[in-house]
Amino acid sequence: MGHKIISKTFLNPEHSVFELIIKAPQIAQKASGGNFLILRIDEKGERFPLTVADYNREEGTITMVVMAIGKSTTQLAKLEVGEEIMDLVGPLGKKAHIKKFPNPVVLVGGGVGIAPIYPQAKELKEAGNEIIIILGARTANLLFWKEKFDIIADEVIITTDDGTIGRKGLVTHVLEEIITSRPISQVIAIGPLIMMKFVALLTNGSKEGVPKVPTTVSLNTIMVDGTGMCGGCRFQQLDGGTKYACVDGPDVDGHNVDFDNLLKRNSRFLRVEKVRLSHYNEKCRAEAKFCEENEGEEF
Ligand SMILES: Cc1cc2nc3c(=O)[nH]c(=O)nc-3n(C[C@H](O)[C@H](O)[C@H](O)COP(=O)(O)OP(=O)(O)OC[C@H]3O[C@@H](n4cnc5c(N)ncnc54)[C@H](O)[C@@H]3O)c2cc1C
Ligand code: FES
């Protein structure tokens, strides 16, 4: 049985980022911040992971925020309210470690990674923590959900690379100001690998005058089965260990991740992915042309 799309909202004018609310009562009962799902749109589709960005246990729904960057995410963006996703497996991965910390927690969300920090922020607030949110985007159009964070957070700071909204610059500039000005118990960073790498480098105690702050990052490695069997999500740790993001994470200790190795691993399929997207777009254009030319015909 498929999972019905209850709502679809594009979050930017370019329609490259969208929010999907999906009926999935059993998953909604168990989902928490830190969990992810594996989707397969139809019988020909590949399996791909998306993070739980919100859940509503009463209504039996889960929310995901997706950036359409390749074949599967572009195909997902084309589904309409009322249509179904064939397979939805989850919640997978470890739940975020939620407890009452003595000092504030800073959550850093970059790009589409803004969405998965939301459930963790909500749960940390419910546990009695003071939470400071840093939201980073390339430009104002790519920023979303500020109003959702305003409701639950003690402070929300926005940065954009081009300064079109909030502070001009990177999330790490604001983070450095915060962790050097007051005691912070924990940093949680979710976003592009390169952003998480620089957050971890900032907070690992190696920079003069900047204190070490425990830092969790969420690893968006290549995933296939999501259950520890295929090895696709393997990553190296700086202490020499090897872990699997799907079962040991995706939230892991940022100070022990070999980001350079992971950045290389994640770019292995770039060429194949580009070819697949271009074939998919060509197929869509051909189908649209066929429908246009044969409008009114019955088959
Ligand atoms: C735990 C986890 C949670 C994620 N959560 C989100 C999310 O909430 N929202 C969101 O927009 N994206 C999320 N991603 C990334 C998302 O899975 C990829 O964007 C998606 O798989 C791309 O598929 P595609 O066919 O559209 O693009 P492709 O052209 O196939 O790939 C584009 C890029 O997406 C990544 N990717 C491709 N296949 C996979 C795969 N099987 N597993 C992981 N990454 C892949 C690679 O970096 C690749 O270069 C998450 C990834 C992981 C591992
Ligand atoms: S996705 Fe296969 S081992 Fe993690």
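Distance check, please: which entries in Lys95/Lys125; Lys23/Lys100; Lys125/Lys212 exceed 25 angstrom between their Cα atoms? Going by Cα-Cα distance, Lys23/Lys100 fall outside the 25 Å limit. Springs between Cα atoms under 10 Å define the GNM used for the chain, and in it the highest mean-square fluctuation of Ile194, Ile157, Ile41 occurs at Ile194.
The amide H of Thr61, built 1.01 Å from its N in the peptide plane, has Ala24, Asn56 as neighbours under 5 Å, considering only residues 5 or more places off or on other chains. Distance between the modelled labels on Glu155 and Leu201, one decimal in nanometres: 2.5 nm (7 Å Cα→Cβ projection). In a DSSP loop and with at most 16 other Cβ atoms within 10 Å, the GluC sites (Glu not before Pro) in the range 60-101 are Glu80, Glu83.
Rounded to whole Å, give me the distance from the Cα center of the range 96-119 to that of the range 139-196. The distance from the Cα centre of the range 96-119 to that of the range 139-196 comes to 11 Å.
Remark on Arg167: its backbone amide H falls under 5 Å from those of Ile158, Thr159, Thr160, a criterion applied only to residues 5 or more positions apart or on other chains, H modelled at 1.01 Å from N. Fewest-first ordering of Val89, Val81 by other beta carbons within 10 Å of each residue's beta carbon gives Val81, Val89. Taking 0.36 nm per residue of separation and subtracting the current Cα-Cα distance, fully stretching the chain between Glu126 and Asp87 would add 10.9 nm. Were the residues from Arg57 through Asn12 laid out at 0.36 nm apart, the gain over their Cα-Cα distance would be 13.5 nm.
Every number here is computed from the coordinates shown, using simple stated rules; none is lab data. Please read these numbers as outputs of a predicted model, since none were measured by experiment. Neighbour counts are summed over all protein chains in view; Cβ atoms, including those assigned to glycine, are modelled from backbone coordinates with ideal geometry.
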